[in-house]
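To keep things clear, I will list the structure first and then write my remarks on it.
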Protein chains: 2
Amino acid sequence: MRFSAEQRLEDDVLEREFTLGEVPGILWTPGSVSEPVPLILLGHPGGLRKMYPRLVARARSSAAEGYAAATLELPGSGDRPRSADAEQARADLRRALQTGEPLEEIVDRLILPLVEQAAPEWQAALDALLSLPGIGGPVGLAGGVIALGVRLAVVEPRLAAAVLFAGSFVPRSMFEEARQVTIPLHVLLQWDDEGNDRQLALDLFDAFGSKEKTLHANLGGHTGVPPFEGEAGNRFFARHLR
Amino acid sequence: MRFSAEQRLEDDVLEREFTLGEVPGILWTPGSVSEPVPLILLGHPGGLRKMYPRLVARARSSAAEGYAAATLELPGSGDRPRSADAEQARADLRRALQTGEPLEEIVDRLILPLVEQAAPEWQAALDALLSLPGIGGPVGLAGGVIALGVRLAVVEPRLAAAVLFAGSFVPRSMFEEARQVTIPLHVLLQWDDEGNDRQLALDLFDAFGSKEKTLHANLGGHTGVPPFEGEAGNRFFARHLR
């Protein structure tokens with residue numbers, strides 16, 4: 001893990017850009033803490049630069065609660081090399097959404113390789129981040145591509161709790177993995193998200209094996225998660241990362 | 001409204017039993033407040049004596065947040081005269097749940113007359129309660145027979161917000177009313193409530209016409225709403241009754 005740039009944000013949060021191998025990422029740590037703090041991994045749909053305003057807002061909110069936060073660019077997004085197969089799948093998905101063709105095979109082609117590549121990258125980032133002074137765990141995951149969250153919840157024992165955003169496609173083949181998830185989950189669903197398959201999201205929530213799982217459904221469209229859900233996520237992490 | 005008994009509870013909450021016509025009820029008010037306080041109507045499935053421990057716990061939590069709380073016995077429950085038709089419908093429902101017979105006609109016979117009779121009683125109670133010194137509104141509703149909550153949300157303009165518990169039967173004919181509801185709603189659903197029709201609850205949530213509606217689904221069975229949902233309800237009311 002090489003740090004490439006750092007800056008102090010207004011509320012004394014330290015923001016550090018890094019690369020891990022070829023993968024860019026950002027780490028935010030609260031200004032003044034005496035003990036090692038828990039870490040929240042911030043998910044996103046890909047494209048750190050574009051997502052930066054939302055990510056930094058969430059990181060500052062996490063820092064205010066006493067957590068470090070970190071994120072990693074996704075394969076094929078932002079400054080990372082494009083994959084021809086993924087670009088094709090993305091184009092096919094756009095077309096299929098317009099024409100009403102079946103999505104399942106396209107979602108498999110788009111999401112499964114992404115999860116296969118990204119999950120070990122996020123685990124390697126965890127290795128590096130948790131070895132830094134001041135970051136102690138436990139680790140939470142918040143948002144991003146939900147299929148990646150499901151995979152990490154199954155394969156990554158350091159993950160203690162996750163806020164998942166049921167707003168992206170999940171291959172049906174991953175439902176078996178969802179049943180293996182046992183960590184506490186807080187699942188956000190935008191009820192009137194027109195680009196999202198609501199029934200698939202409800203089926204996925206049903207499939208999760210966790211004994212503590214909560215679904216919060218709201219109106220407001222794909223990007224309109226109400227502000228009070230930020231607080232609700234904070235309280236979920238306060239219950240499980242302290 | 002005639003007060004029949006009063007006692008101070010531990011945390012300085014004043015509990016007063018009353019009757020309104022022939023209908024018994026209980027009013028709880030916070031100990032020391034200078035301004036008139038909002039009022040939360042506490043719903044329940046019927047049987048004030050049996051429900052008292054849970055009701056008083058919720059009333060004390062409401063009082064701690066600065067609200068008065070009140071509840072009213074339901075028709076045919078507790079000390080109120082039984083209705084032969086309702087008793088028959090209740091017996092039919094129990095049998096139908098065991099044998100797997102269709103429920104719709106039985107639910108109509110059980111719930112529709114209850115709603116017809118109870119809604120005006122709760123409105124009359126509101127008239128009386130809001131005329132008391134120290135109780136000012138706005139008014140919230142929390143829990144109870146969800147069909148009664150839907151009816152009150154439509155017919156009672158003084159109701160500003162409602163926490164509804166999607167854990168009892170709703171006649172299909174009331175979905176049209178659900179579409180007319182416009183107040184902010186916070187709907188609790190126990191995902192693994194075996195005696196409850198989950199799909200009906202989701203359909204009902206979908207039908208509500210409110211622009212702000214939130215569904216919180218949890219595990220724990222019919223009576224196992226997690227303790228953190230009490231807090232979540234308090235925060236919902238804080239957003240809408242202040």
Give the angle, between 0 and 90 degrees and rounded to the nearest 10, that separates the Cα long axis of helix B:146-155 from the longest principal axis of the Cα atoms of chain B. 60
Taking only DSSP H segments of four or more residues, each worth -39500 (n - 2.57), what value at 222 nm results for the protein assembly as shown once the sum is divided by all its residues, to the nearest 500 deg cm²/dmol? -13000 deg cm²/dmol
C-alpha long axis of helix B:228-240 to longest principal axis of chain B, angle in °: 70
Between residue B:194 and residue B:79, what is the label-point separation in nm under the 7 Å Cα-to-beta-carbon projection? 3.6
On Cα atoms only, tilt of B:48-64 relative to the major axis of chain B in degrees: 50
Computed FRET efficiency, Cβ-Cβ of residue A:112 and residue A:35, R0 45 Å: what is it to the nearest 0.05? 0.70
For the pair residue A:98 and residue B:203, the simple spin-label estimate (label points 7 Å beyond Cα toward Cβ) gives in nm 3.6
Would you list which lysines come within 23 Å of residue B:213, measuring only between C-alpha atoms, while excluding same-chain residues fewer than 8 positions from it? A:213
If you count, for each residue, the other Cβ atoms within 10 Å and average over each peptide, how do B:117-130, A:97-110 line up from highest to lowest? B:117-130, A:97-110
Jot down the radius of gyration and Dmax of chain A, Cα atoms only, both in angstrom. 17.3, 56
How far apart, in nm, are the 7 Å Cα→Cβ label points at residue B:182 and residue A:8? 5.2
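Determine Rg/Rh for the protein assembly as shown; Rg is computed over alpha-carbon atoms and Rh is the Kirkwood hydrodynamic estimate from the same atoms.
On the way: Rg = 25.5 Å, Rh = 24.7 Å.
When Rh is taken as the Kirkwood radius, the ratio is 1.03.
Taking every residue in B:210-218, how many Cβ atoms of other protein chains lie within 10 Å of its Cβ, on average? Working shown, then result.
Working: counts 1, 2, 5, 4, 9, 6, 5, 10, 4.
Mean shielding count: 5.
Going highest first, how would you order B:146-156, A:24-34, A:218-228, A:165-175 by mean Cβ packing within 10 Å?
B:146-156, A:165-175, A:24-34, A:218-228
Over the whole of A:183-195, what's the average partner chain Cβ count within 10 Å per residue? Rounded to a whole number, please. Display every interim value, and only then the final one.
Numbers: counts 0, 0, 0, 0, 1, 0, 2, 0, 6, 1, 0, 0, 0.
Mean partner-chain Cβ count within 10 Å for A:183-195: 1.
If R0 is 22 Å, what FRET efficiency do you get for residue A:90 and residue A:123 from their C-beta distance, rounded to 0.05? It would help to have the intermediate numbers written out before the result.
Details: r = 25 Å, r/R0 = 1.13.
FRET efficiency, residue A:90 to residue A:123: 0.30.
Using only the heavy atoms of the protein chains and a 1.4 Å probe, how would B:10, B:177, A:229 rank by accessible area, largest first? Walk me through the numbers on the way to the answer.
On the way: B:10 175, B:177 35, A:229 10 Å².
Ranked from most to least accessible, the order is B:10, B:177, A:229.
The values are calculated or read from the model by the stated rules, or taken from the named source; none is laboratory data. All of these numbers come straight from a predicted model, not from anything done at the bench. So basically every Cβ, Gly included, is an ideal-geometry build from the backbone, and we count neighbours across all protein chains shown. Heads up: the accessible areas ignore ligands, DNA and RNA and are worked out on the full protein's heavy atoms, side chains in. Shrake-Rupley method; radii C 1.70, N 1.55, O 1.52, S 1.80 Å.
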